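Working notes, beginning with the structure itself.
The values are calculated or read from the model by the stated rules, or taken from the named source; none is laboratory data. Remember, predicted model here, so these are calculated numbers, not experimental data. Cβ: placed from backbone, ideal geometry, glycine included. Neighbour counts: every protein chain shown.
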């Protein structure tokens, strides 16, 4: 298996009759033995049909604007099968931002589903094409060293920045993930991350490697935690990979999570009290903390065996076996083939590749602990302050559900959700932080603002 699309042809041969994707009670199996019934057609055949209808050349960049469902996933795979480069777009992003991403990478086409046809018309693109549903043999025109997809992230200059991935490098994570969780055809994976987020590469690529079934919730379930909780109770997934915020929302809803054998989280720090509560509610599940920026996908992992609410922050774990790492002045540097070749528009690096994460960590016996971002180091009255440390202290208070700290001038401001009274929270901080690290202002909110990938919108807080 040398390309991401090859995992589909391999799955078709090994797990043909097993279900590959389930969405809105329609099922696609891996191979497609019953082509006469559309709802029971094969994923490989569906991908082959979409790919055959694409009028693109190998290496062309293709924007993808589609729902997070079976058709959207098949379209993503089809772009790769055509030898092209997928550029997933968010329906919640302003059309101007999507237009900028397509212009930046020189996209040849914008592929969209029927549900997003009107929005696609507002995005500037050389050509637009709606996803076709025909079936055809899956032919893999991708090459191991060819680019597979580009994920656009927020850039320091304010313009979106495209993180590129080739097939060879992108294969490492799903291979590792499928083995780490011992995925089998009996597993039912809940797909809750948008395709613009690297968390989605888990269900897109690890699932077919193991012949597992991917469950796609309806759109409203991704918008409302109560609806998602009801969907989980109905469909009973066994594995789910999501940001800590979503796990906390499900816990608050009293979601029935007993079907989950593996609860995996990444993307931000999971407050220890909330994680301890989730572990208490799901005593039979395996808990995994996966860490890594978009430029490395997951590069370290830690299995959480036991936890109490007053425990220190959990480690980010050990670096994955297919990667190497060093620490330079406390900053984690990750090296290896499974690191991005670079950003679109810059020269792409040959392997071995190297990425400075900007994350400050410490290491003991090979286990890494996260201490915050290098770019969130600030000075307060001459003292160096890492904002992540202040956030860890706030999160240890039992009345804080989530929090974020920003620097404003010569003082710190904290934003938090929960029932903690500001006076009590200030007293708590005084017990664990030196005076210059105690936030001068505490703002209680119903919930912290979030980016489309579920992370805290720190820029929005800093400018509020």
- Item | Segments classed as strands (runs of 3 or more DSSP E), wholly inside the stretch 383-460, with at least 2 members that are within 22 Å of residue 270 (Cβ to Cβ), within 32 Å of the chain's Cα centre (by Cα) and not assigned by TED's automatic domain parsing to the domain that holds residue 331 | 402-408, 411-417, 441-445
- When the residues of the stretch 353-382 are filtered to those that are touching a residue at least 24 places away in the same chain (Cβ under 8 Å) and assigned to a loop (DSSP other than H, G, I, E, B), which remaining residue is nearest to residue 301 (Cα to Cα)? 366
- Note on the structure: Those residues of the stretch 57-70 which are surrounded by fewer than 23 Cβ atoms within 10 Å (Cβ to Cβ), within 22 Å of residue 95 (Cβ to Cβ) and more than 19 Å from the chain's Cα centre (by Cα) amount to 60
- Task: Taking residue 335 as meeting all but one of (1) assigned to a loop (DSSP other than H, G, I, E, B); (2) surrounded by 14 or more Cβ atoms within 10 Å (Cβ to Cβ), write down the number of the exception.
- Result: (1)
- Task: Test residue 246 against the stated conditions and say whether it is within 30 Å of residue 459 (Cα to Cα), without any contact (Cβ under 8 Å) to a residue 40 or more places away in the chain and assigned by TED's automatic domain parsing to the domain that holds residue 94.
- Result: no
- Note on the structure: Of the candidates 184, 201, the one satisfying the condition of being surrounded by 23 or more Cβ atoms within 10 Å (Cβ to Cβ), within 23 Å of residue 285 (Cβ to Cβ), assigned by TED's automatic domain parsing to the domain that holds residue 320 and in contact with a helix residue (DSSP H, G or I) (Cβ under 8 Å, 6 or more places away or on another chain) is 201
- Message: Going through 273, 283 one at a time, which residue ends up being outside any loop (DSSP other than H, G, I, E, B) and either at pLDDT below 95 or more than 22 Å from the chain's Cα centre (by Cα) (or both)?
- Response: 273
- Within the stretch 195-257, helices (runs of 4 or more DSSP H) holding 3 or more residues that are under 23 Å from residue 16 (Cα atoms): 207-210
- Task: Can you tell me which residue among 125, 115 is in the same structural domain as residue 196 (by TED's automatic domain parsing), surrounded by 15 or more Cβ atoms within 10 Å (Cβ to Cβ), touching a helix residue (DSSP H, G or I) at 6+ places or on another chain (Cβ under 9 Å) and not in a helix (DSSP H, G or I)?
- Result: 125
- Give the residue that is nearest to residue 399 (Cα to Cα), with candidates limited to residues of the stretch 232-248 that are buried (at least 21 other Cβ atoms within 10 Å of the Cβ) and more than 17 Å from the chain's Cα centre (by Cα). 232
- Of the residues in the stretch 383-396 that are free of Cβ contacts under 8 Å to residues at least 60 places away in the same chain and crowded, with 20+ Cβ neighbours inside 10 Å, the one that is farthest from residue 314 (Cα to Cα) is 385
- Matching residues in the stretch 76-112 - criterion: being in contact with a strand residue (DSSP E or B) (Cβ under 6 Å, 6 or more places away or on another chain), within 28 Å of residue 27 (Cβ to Cβ) and in a helix (DSSP H, G or I): 76, 79, 80
- For the stretch 140-162, state whether one or more residues are within 22 Å of residue 350 (Cβ to Cβ), in a helix (DSSP H, G or I) and within 15 Å of the chain's Cα centre (by Cα). no
- For residue 456, state whether it is surrounded by 15 or more Cβ atoms within 10 Å (Cβ to Cβ) and touching a helix residue (DSSP H, G or I) at 6+ places or on another chain (Cβ under 6 Å). no
